[in-house]
Each structure stands twice: as C-alpha cells, then as structure tokens.
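The values are calculated or read from the model by the stated rules, or taken from the named source; none is laboratory data. Not measured: the values here are computed from a predicted model. FYI the Cβ positions are ideal-geometry reconstructions off the backbone, even for glycines, and counts take in every protein chain you see.
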C-alpha cells in the first residue's frame, strides 16, 4: 500500500523559511557588523585641506568626496584588509593598505603631493592649487557652472574682483573708465544676474542709484576664495536670476592647515602722466583650541589708483555726405582717482565633524573722484550756418546780421 503525502503550502513555506533564515545563535552566525573609516586629506606642499578629493576602497562600492575641510567618512565598511585610494586633480594618486577593525577607524592625515614639487633645483616662491580645486568642484557639480579660484591669477591689480570675472566663459562685463564694474551672465543684464556670498544674496553696494544692478568692483578681492558662475538655475534659486548667478565663497581658516600669514604690495604706474599709486594687503589665518575647532581669517587691503584721461572729440554733420562740417569740438583733461579700503573677517566654529557655525564681516570703503577740465566749442547743427566751400577740417561761420 502506498501513501502520497501532500504538505500544505503554509507548512512548506514555513520549512523553507526556517532553512534559509536561521534564527538564534544556535541556528547560524550573527550578521557582520559594519564599521566607519574616517580621515582627512591635505596638500603636503601647501598644507591646505583639499575639498572634493575622491576617496574610495578599491574593489568595493565604498566611495565619497572630501568636504570643504578635507574630511571624509566611509560608513558601511566590513572589517578586513583594503586598498585605500585618493584622487585629486593636479596631484599624484595616493594609495595605501588599510586594515579595518571593528569600531570607528581613523586614518592618519593623508598628504597629497606632485612630482613637480621635487624639482629642488628651482626656487618656488609659492604653490597655487586654486585651479585644481576649482576644476574638481566643477567636475563634481550637479548643474552647469564655471568655478574659478582667486589664487589662480595671483595678485589682482587694484583689488577689483571684476578683473577675474571677465575671464570666465559666459560672462560679459561693463567697463567704467577702463575698470570692470558690472557683469552680465549669458548676455542678460546685470539686474538679472544674482550675486551671493556663501549662498546669501547681497544688496547692491552702489550709492545713490535706484537700480538692481550689482557693482562687483566694490567687493574685497582678498576675502574671496573662489567664484561660482551658475549658468543653469536650480529650483532653490530666486526666480529673478534668469541670467544666472554668481556665488562668491569666502576664505576660511579651516581650509588651511595651521597658521598662515601673507602680504603683498606694489605700485601702479601710469606712463601717460607719470602718475603712481600704492596698493597692498595682509591676510592672516589661525586655528585655535585644544580640538582645533575655532578658526579665524582676517584680510586687510588698500589700493590707490590714478587713471589719467585725454579726450579729443569732433562731432560731424549727421548725413551721408562728403565733406561734412564739424559742429562740435571738445577737449577734455581728466584724472580719475579710485581709492579702495577693504576689511574681511570670518570666524568659524566646528561643533562636531558634521556641524559648523560661522560669522563673517565684510567692509569696503570706495571713493571715485574726478579732476576734470573741459573745453567745448559748438555751433549750430545746420548747413545754412556755414559758408559754402567748407571741408572736414576747416569751416567758416556765416556772419550774424
């Protein structure tokens, strides 16, 4: 006699579940406990902390980018041996073997360098890595933007940050007596291009003008670390930024590793009138506290620029004829004097690895005075006021009766 047993679907499912998912310590090993790997990346030559460096465990999906202070965290790592790799634009790739143990794992400070720093036969007065930092942030951006670092161009003559902006693709500038004072993103007017500092909208510093146009030449250049030109607005931006936005990122002591003091000075010389003006500045930063969680950055700069101007203007008859008479002649002798005094102060306080507070002060005193002499000779803009036979260089007026 044969019996055919047919277990119920519920019983069969229970048996399968018990076989695949053992419960209790007596029925299988406990789940693997994941750990955290944290550390900090800096440039070994300049001691600056690197933001946007790519940190990954080779052969695993664990990958992250360093924050503005060069810190990184990999939070889902199983204990074991790995190869840690750090990549940053313009610097040599860094690799090291990493043994991950249970609990939080802190990697000693990682210093990136480049083979060009090993050319000891040359005297290097300073290293500029701002270009690499800007390229890294631009590559990791979520939208279309151009990023340029201030130290890419070194010292900015006369402290006008507009001299940097005019070199960014997609940005046009307006010149006022030879100096950049306004910018236009993607061809839109200055009033349609928002200007922010660390993401906060700035009011226009222009005095006595009822306009929304922003005058960038009133900002202290030494206080700015980098500039982001956002050409594709994102949902978090104001709707009036139809042209785009310019975000200026202020310098921070946390972006530098240790004490920094820098100074510069120079002379602007104008061959037209043999005039000269002085400019100079001092920047200092320091990190305080036992935990190095209080950073202070200070910049002070001064600029005195004399711009001479000689103008000869001749206004001709408004007609497509030849010869055309001259109805106005003007001579102008002027000296524009632009004086800037700038102060920038930023205090950063790090509460923990994920939270920081900052307060900033930016002050600019700007004056533009003109010493001007003008001679204008004008006559009637009417052909009947001139004796026939005039040329483009000689005219004779009809005698008054």
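Assuming residue 220 fulfils every condition listed in (1) within 14 Å of the chain's Cα centre (by Cα); (2) at pLDDT below 80; (3) buried (at least 20 other Cβ atoms within 10 Å of the Cβ) apart from one, which condition is it?
Just one mismatch for residue 220, condition (2).
If we keep just the residues of segment 35-56 that are surrounded by fewer than 19 Cβ atoms within 10 Å (Cβ to Cβ) and modelled with pLDDT of 90 or more, which is nearest to residue 96 (Cα to Cα)? Before the answer, list the steps.
Of all residues in segment 35-56, those surrounded by fewer than 19 Cβ atoms within 10 Å (Cβ to Cβ) come to 35-36, 38, 44-47.
Now restrict to residues that are modelled with pLDDT of 90 or more: 35-36, 38.
Values: 35: 19, 36: 17, 38: 14 Å.
The qualifying residue nearest to residue 96 (Cα to Cα) is 38.
Using the structure shown, decide if residue 305 is assigned to a strand (DSSP E or B), in contact with a helix residue (DSSP H, G or I) (Cβ under 7 Å, 6 or more places away or on another chain) and outside the structural domain of residue 156 (by TED's automatic domain parsing).
On the way: assigned to a strand (DSSP E or B): yes; in contact with a helix residue (DSSP H, G or I) (Cβ under 7 Å, 6 or more places away or on another chain): yes; outside the structural domain of residue 156 (by TED's automatic domain parsing): yes.
Yes; evaluated as a whole, the condition is true for this residue.
Restricting to segment 261-275, give me the number of residues that are in a strand (DSSP E or B) and without any contact (Cβ under 8 Å) to a residue 40 or more places away in the chain.
Going through segment 261-275, the residues in a strand (DSSP E or B) turn out to be 261-270, 275.
Applying the additional criterion that residues be without any contact (Cβ under 8 Å) to a residue 40 or more places away in the chain yields 261-263, 265, 267, 269-270.
The qualifying residues number 7.
Quick grid of which residues meet (1) in contact with a strand residue (DSSP E or B) (Cβ under 7 Å, 6 or more places away or on another chain); (2) modelled with pLDDT of 80 or more; (3) surrounded by 15 or more Cβ atoms within 10 Å (Cβ to Cβ):
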residue: 200; (1), (2), (3): no, yes, no
residue: 208; (1), (2), (3): no, no, no
residue: 225; (1), (2), (3): yes, yes, yes
residue: 228; (1), (2), (3): yes, yes, yes
residue: 241; (1), (2), (3): yes, no, yes
residue: 256; (1), (2), (3): yes, no, yes
residue: 263; (1), (2), (3): yes, yes, no
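Return the residues of segment 224-262 that are closer than 28 Å to residue 290 by Cα and over 11 Å from the mean Cα position of the chain (by Cα); say none if nothing qualifies.
Passing the criteria: 252, 253, 254, 255, 256, 257, 258, 259, 260, 261, 262.
Counting only residues that are more than 35 Å from the chain's Cα centre (by Cα) and surrounded by fewer than 18 Cβ atoms within 10 Å (Cβ to Cβ), which one in segment 79-97 is nearest to residue 353 (Cα to Cα)?
At the first step, the residues of segment 79-97 found to be more than 35 Å from the chain's Cα centre (by Cα) are 79-82, 97.
The next check asks that each one be surrounded by fewer than 18 Cβ atoms within 10 Å (Cβ to Cβ); those that pass are 79-81, 97.
On the way: 79: 23, 80: 25, 81: 25, 97: 24 Å.
If we take residues in segment 79-97 being more than 35 Å from the chain's Cα centre (by Cα) and surrounded by fewer than 18 Cβ atoms within 10 Å (Cβ to Cβ), then 79 is nearest to residue 353 (Cα to Cα).
With respect to residue 314, is the statement that it is over 32 Å from the mean Cα position of the chain (by Cα), modelled with pLDDT of 85 or more and either assigned to a strand (DSSP E or B) or surrounded by 13 or more Cβ atoms within 10 Å (Cβ to Cβ) (or both) true?
Details: over 32 Å from the mean Cα position of the chain (by Cα): yes; modelled with pLDDT of 85 or more: yes; either assigned to a strand (DSSP E or B) or surrounded by 13 or more Cβ atoms within 10 Å (Cβ to Cβ) (or both): yes.
It is true that residue 314 is over 32 Å from the mean Cα position of the chain (by Cα), modelled with pLDDT of 85 or more and either assigned to a strand (DSSP E or B) or surrounded by 13 or more Cβ atoms within 10 Å (Cβ to Cβ) (or both).
Can you pull out every residue in segment 66-84 that is in contact (Cβ under 8 Å) with a residue 24 or more places away in the chain, touching a strand residue (DSSP E or B) at 6+ places or on another chain (Cβ under 7 Å) and within 20 Å of residue 34 (Cβ to Cβ)? Write out each step before concluding.
Of the residues in segment 66-84, the ones in contact (Cβ under 8 Å) with a residue 24 or more places away in the chain are 66, 68-79, 82-84.
Those left that are additionally touching a strand residue (DSSP E or B) at 6+ places or on another chain (Cβ under 7 Å): 66, 69-75, 77, 79, 82-84.
Of everything in segment 66-84, those that are in contact (Cβ under 8 Å) with a residue 24 or more places away in the chain, touching a strand residue (DSSP E or B) at 6+ places or on another chain (Cβ under 7 Å) and within 20 Å of residue 34 (Cβ to Cβ) turn out to be 71, 72, 73, 74, 75, 77, 79, 82, 83, 84.
Quick test of your reading of the structure: residue 79 fulfils all but one of (1) over 30 Å from residue 294 (Cβ atoms); (2) at pLDDT below 90. Name the failing condition by number.
The failed condition is (2).
Within segment 371-379, does at least one residue satisfy the condition of being in a strand (DSSP E or B) and in contact with a helix residue (DSSP H, G or I) (Cβ under 9 Å, 6 or more places away or on another chain)? Before the answer, list the steps.
Residues of segment 371-379 that are in a strand (DSSP E or B), as a first pass: 371-378.
Add one more test, that the residue is in contact with a helix residue (DSSP H, G or I) (Cβ under 9 Å, 6 or more places away or on another chain), and what stays is none.
Looking through segment 371-379, none of the residues is in a strand (DSSP E or B) and in contact with a helix residue (DSSP H, G or I) (Cβ under 9 Å, 6 or more places away or on another chain).
Given (1) touching a residue at least 60 places away in the same chain (Cβ under 8 Å); (2) at negative phi; (3) surrounded by 13 or more Cβ atoms within 10 Å (Cβ to Cβ), where does residue 298 come up short, assuming only one miss?
If we test residue 298 against (1) touching a residue at least 60 places away in the same chain (Cβ under 8 Å); (2) at negative phi; (3) surrounded by 13 or more Cβ atoms within 10 Å (Cβ to Cβ), just (1) comes out false.
If you go through segment 380-401 one residue at a time, how many are without any contact (Cβ under 8 Å) to a residue 40 or more places away in the chain and either part of a strand (DSSP E or B) or closer than 30 Å to residue 179 by Cβ (or both)?
1
Considering every residue within segment 303-311, establish whether at least one is in contact (Cβ under 8 Å) with a residue 12 or more places away in the chain and under 30 Å from residue 388 (Cα atoms). Reasoning before the result, please.
Of all residues in segment 303-311, those in contact (Cβ under 8 Å) with a residue 12 or more places away in the chain come to 303-311.
Still in the list and also under 30 Å from residue 388 (Cα atoms): 311.
Yes, segment 303-311 contains at least one residue that is in contact (Cβ under 8 Å) with a residue 12 or more places away in the chain and under 30 Å from residue 388 (Cα atoms).
Checking the conditions here, which among 278, 184, 254 is touching a residue at least 40 places away in the same chain (Cβ under 8 Å) and part of a strand (DSSP E or B)? I'd like the intermediate steps shown before the answer.
Numbers: 278 fails: touching a residue at least 40 places away in the same chain (Cβ under 8 Å); 254 fails: part of a strand (DSSP E or B).
Answer to the check: 184.
Any idea how many residues of segment 317-341 are over 30 Å from residue 387 (Cα atoms) and surrounded by fewer than 18 Cβ atoms within 10 Å (Cβ to Cβ)?
Here the count works out to 6.
Take residue 191 and decide whether it is assigned to a helix (DSSP H, G or I) and over 17 Å from residue 146 (Cβ atoms).
Values: assigned to a helix (DSSP H, G or I): yes; over 17 Å from residue 146 (Cβ atoms): yes.
The answer is yes for residue 191.
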